[in-house]
Amino acid sequence: LDIIDGTKEGIIVDVRAGERYRGEVEEPRPGMRLGHMPGARNVPFTDLLNPNNPLQFKSKDELLEVFKQAGAADIVSTPLPVIASCGSGATACALVAALELCGRDRSGTHVYDGSWSEWGAEQDTPIVKGAREKESSE
């Protein structure tokens with residue numbers, strides 16, 4: 001992704017569970033490297049769902065609070081492209097839908113369909129383990 005090497009601006013959001021994002025547990029796909037893309041933020045997709053009915057999203061206010069708590073409050077209003085990533089490209093779609101529920105124009109939100117199953121399998125792609133350092137603007 002051009003965002004990682006700095007040739008383009010954008011925000012990458014990884015919706016895998018925090019333990020997978022931080023590289024603390026093995027990936028479900030054998031041989032996969034552990035960690036996340038440099039600069040990626042972590043908003044686990046399960047945090048977007050109503051705990052009493054996981055077939056529904058949380059309310060807009062609750063979603064905004066989830067983004068804020070994850071250090072990603074700006075992803076709803078940023079003019080920058082937002083790239084949603086997960087393990088295989090499927091659950092990243094939950095972030096796209098949640099952002100649209102919060103009022104973000106979906107034309108600026110994209111799913112990295114290869115996601116971690118592509119990025120983590122390549123031996124020459126940069127990865128980071130551990131939690132993402134918060135930026136001073138957050």
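The values are calculated or read from the model by the stated rules, or taken from the named source; none is laboratory data. All values reported here derive from a predicted model rather than from experimental measurement. For neighbour counting, all protein chains shown are included, and Cβ atoms are generated from backbone atoms with ideal geometry for every residue, glycine included. When the accessible area is computed, the model is the full protein with side chains, heavy atoms only, and any ligands, DNA or RNA have been set aside. Shrake-Rupley method; radii C 1.70, N 1.55, O 1.52, S 1.80 Å.
Structure notes:
- Computed from label points 7 Å out along Cα-Cβ, the spacing between LYS129 and GLN69 is 2.7 nm.
- Extension reserve of the ASP5-SER88 stretch, reckoned as 0.36 nm per residue once the Cα distance is removed: 27.7 nm
- From helices alone, the chain scores -6000 deg cm²/dmol at 222 nm; the rule is -39500 (n - 2.57) for each run of n ≥ 4 DSSP H residues, then divide by the residue total.
- When the alpha carbon coordinates of the chain are projected onto the principal axes, the ranges are 39, 35, 27 Å, largest first.
- Using heavy atoms of the protein chains and a probe of 1.4 Å, the accessible area assigned to GLU65 is about 80 Å².
- The range 20-63 shape via C-alpha gyration tensor axes, a/c threshold 1.5: oblate
- By accessible area, using a 1.4 Å probe on protein heavy atoms only, the chain has 50% of its surface on carbon and sulfur.
- Ligands, DNA and RNA are left out, and with a 1.4 angstrom probe the accessible area of the range 1-124 is 51 Å² per residue.
- With K and R counted +1 and D and E -1, the other residues having a Cβ less than 11 Å from that of VAL76 yield a net charge of 0.
- Normalised alpha carbon radius of gyration of the range 55-121 [divisor 2.2 N^0.38 Å]: 1.11
- Radius 11 Å from Cβ of PRO51, net charge of other residues (Lys, Arg +1; Asp, Glu -1): -1
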